[in-house]
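Below is one structure, written out as structure tokens; the observations come after it.
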């Protein structure tokens, strides 16, 4: 079954789409009856679906039965207009809600998760401090945690908004911190541990179905607090974990968005927290330059147009 990006002008299509928005039930201008418009899509893009009803009551009932997030099977004709859409004529084409589908059709997934996890484990092995090593092991020796971690997105939209995005971002930030630790005098074990654990609250922050949705807990607390709570709970299980080390690690986690977010719980106070902040910001910002587009694209994160470069011929 094709994806949105594969559709060809004028062809008959049979495609599964997730409903993003309901854009209204409308009356025909020149005849009796109603039609409705939906915005729907898959992991390759979004498109309008226009359902032309022949029976007003049936059209109304179908529109009311459809909810945002539902998956629909659309049998219609693709029209590559200024705003592309799929036209569904109810007299001989169809639109229906389906229950059996794979979320991977609608949310992108990294192809290199095994390699990413192997690299994360290699960085974990570099941590020599016995208490920090035990802390990392308490997470990454837990099969359930690892399964959730490697399948978690890194955001609900924008950079790393795909299955496996959290692991990829964690690896990149950890590699940056590892390199920086070779230049400056600091607590390398503390920095690497903070880098690996700084976003683990995102496994609780998002749920993945036909889209990536932010859970209420993340809306209320934020992923930094969720990460803090998960790490603090594990530290309490480790006998004789040094209080100073605990404070410095939790500080780096809770403040890793500090200079650019006014309502963070704490401002940066240590070298390790400062480096983690900039490594995190650098990775997220550079990921913006991997957006698909033409020569220029608008970055919401940076609040400006950014230059993506010209394709090489």
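FYI, it's all coordinate maths here, none of it is from the lab. Everything numeric here is computed off the predicted structure, so don't read it as measured data. So basically every Cβ, Gly included, is an ideal-geometry build from the backbone, and we count neighbours across all protein chains shown.
Note on the chain: with a GNM built from Cα contacts shorter than 10 Å, the maximum mean-square fluctuation among 245, 190, 136 falls on 245.
In what order do 78, 101 fall by count of nearby beta-carbon atoms within 10 Å, going from fewest to most?
Values: 78 22, 101 15.
Ascending number of Cβ neighbours within 10 Å: 101, 78.
With neighbour counts taken as other beta-carbon atoms within 10 Å, the residues 198, 223 rank, fewest first, as 223, 198. Compare 281, 230, 302 in a GNM of the chain, Cα atoms joined below 10 Å, and give the one with the largest fluctuation. It is 302. Using just its DSSP H runs of length 4 or more, each adding -39500 (n - 2.57), the chain gives a mean residue ellipticity at 222 nm of -11500 deg cm²/dmol after division by all residues. Compared with the dominant Cα axis of the chain, that is its longest principal axis, helix 243-254 is turned about 30°.
If you count the DSSP beta bridges with both ends in the chain, what percent of them are antiparallel, to the nearest 5? Could you put the intermediate results ahead of the total?
Working: 37 of 43 bridges.
In the chain, DSSP labels about 85 percent of beta bridges as antiparallel.
Would you mind telling me which residue in 220, 132, 176 has the biggest mean-square fluctuation in a Gaussian network model of the chain, where springs connect alpha carbons within a distance under 10 angstrom? With Cα springs under 10 Å in the chain, the top fluctuation among 220, 132, 176 is at 220.
Would you kindly work out the equivalent ellipsoid of segment 125-248 from its C-alpha gyration tensor and give its semi-axes, the square roots of five times the eigenvalues, largest first in whole Å?
Values: eigenvalues 128, 58, 33 Å².
Semi-axes (√(5λ), whole Å): 25, 17, 13.
Between segment 82-137 and segment 199-247, the alpha-carbon centres lie 20 Å apart. Sketch the reach of a paramagnetic label on residue 9 as a point 7 Å from Cα along Cα-to-Cβ, and name the residues of segment 72-104 whose backbone nitrogen lies under 14 Å away. It comes to 78-85, nothing else. Mind checking the angle between helix 223-235 and the chain's longest principal axis? C-alpha axes, 0 to 90 degrees, to the nearest 10. Its long axis makes an angle of about 40 degrees. The angle between the Cα long axis of helix 130-140 and the main principal axis of the chain comes to about 20°, on a 0 to 90 degree scale.
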